[in-house]
Amino acid sequence: MDEKYSKVTIEGDKKTEWICGCFQTADNYFKFCNSHNQTLQKAIQAQIDELDMTRVIE
Ligand SMILES: [Zn+2]
């Protein structure tokens with residue numbers, strides 16, 4: 001799914017686009033700009049830690 005939207009063919013599918021570069025597509029896929037991507041990754045990481053999920057280390 002990531003593959004699909006990383007291509008340059010997303011234009012027509014954008015539903016909402018923010019001035020920073022983040023956008024949401026018609027099928028509710030979010031693509032974040034570089035600065036927000038980093039922030040959101042941290043947020044997601046924090047959420048996972050809060051959920052106390054067990055990590056599997058290979
Ligand atoms: Zn953004």
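Show the residue pairs that are 6+ apart or on different chains and have beta-carbon atoms under 9 Å apart, the first residue being within the stretch 27-40 and closer than 10 Å to residue 14 by Cα and of a type outside the set (D, E, K, R), the second being more than 8 Å from the ligand (Cβ to nearest atom) and part of a helix (DSSP H, G or I).
29/4; 29/5; 29/13; 30/40
Scan the stretch 22-37 for residues that are in a helix (DSSP H, G or I) and surrounded by 11 or more Cβ atoms within 10 Å (Cβ to Cβ) and report the count.
3
Within the stretch 13-21, identify whether any single residue is surrounded by 11 or more Cβ atoms within 10 Å (Cβ to Cβ), at pLDDT 85 or above and within 11 Å of the chain's Cα centre (by Cα), and answer yes or no.
No, there is no match, as no residue in the stretch 13-21 is surrounded by 11 or more Cβ atoms within 10 Å (Cβ to Cβ), at pLDDT 85 or above and within 11 Å of the chain's Cα centre (by Cα).
The values are calculated or read from the model by the stated rules, or taken from the named source; none is laboratory data. No experiment lies behind these values; they were computed from the predicted model shown. All Cβ positions, glycine included, derive from the backbone under ideal geometry; neighbour counts span all protein chains shown.
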